[in-house]
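Heads up, the thing below is written out as structure tokens.
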Amino acid sequence: QVQLVESGGGLVQPGGSLRLSCSASGFIFRTFHMSWYRQAPGKERELVAFISSTGITMTTNYADSVKGRFTISRDNTKNMLYLQMNSLKPEDTAVYYCKASGSVDFWGQGTQVTVSS
């Protein structure tokens, strides 16, 4: 059974940091591209960060709005995906989802991040 379980969300003040985690099981994690998406109230889900599957060259990409503040990483030995979020802004408030992309796509259930003073 495929599972993606996000954790690490919460309430943080502007300028603060959070580290999101996504635990994967039920598929060959290292062969899947992984991404973080977010969806704010009343808005469409958007791509935040992407990391390619393990290969000769692992690539990452970020939305312009988070470049220089967020860092995506993965640990294939633990089947874990991470998103380090620094210098958080109120506009980063959203539900954050991890996604696995391969022959099929899998989504987690999401974790709420709220940035507010």
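At full extension, residue 76 and residue 33 could sit 14.3 nm farther apart than now, given 0.36 nm per residue minus the alpha carbon distance. Just the protein heavy atoms count here, and of the accessible area of the chain at 1.4 Å, carbon and sulfur take up 48 percent. Mean sequence separation of contacting Cα pairs (under 8 Å, at least six apart), scaled by the length of the chain, corresponds to a relative contact order of 36 percent.
Legend: residues 54, 77, 111, sorted from most to least accessible area (1.4 Å probe; ligands, DNA and RNA excluded), read 77, 54, 111.
Exposed loop sites here are trypsin sites (Lys or Arg not before Pro) assigned a DSSP state other than H, G, I, E or B and surrounded by at most 14 other beta carbons within 10 Å; excluding them, the longest clear run of the chain is 1-42.
Taking 7 Å steps out from each Cα toward its Cβ at residue 84 and residue 44 produces label points 3.2 nm apart. In the context of the full set of protein chains, the chain has a per residue accessible area of 53 Å² (1.4 Å probe).
Electrostatic tally near residue 97: other residues with Cβ closer than 9 Å to its Cβ, Lys and Arg +1, Asp and Glu -1, net +2. When all protein chains stay in place and ligands, DNA and RNA are ignored, the 1.4 Å accessible-area order of 92, 75, 105, 64, largest first, is 64, 105, 75, 92.
The values are calculated or read from the model by the stated rules, or taken from the named source; none is laboratory data. Predicted model only: the values in this text are computed from it and were never measured. Counting neighbours? That spans all protein chains shown, and the Cβs are built from the backbone with ideal geometry, glycine included. Accessible surface is based on the protein model in full, side chains and every heavy atom, while ligands, DNA and RNA are left aside. Shrake-Rupley method; radii C 1.70, N 1.55, O 1.52, S 1.80 Å.
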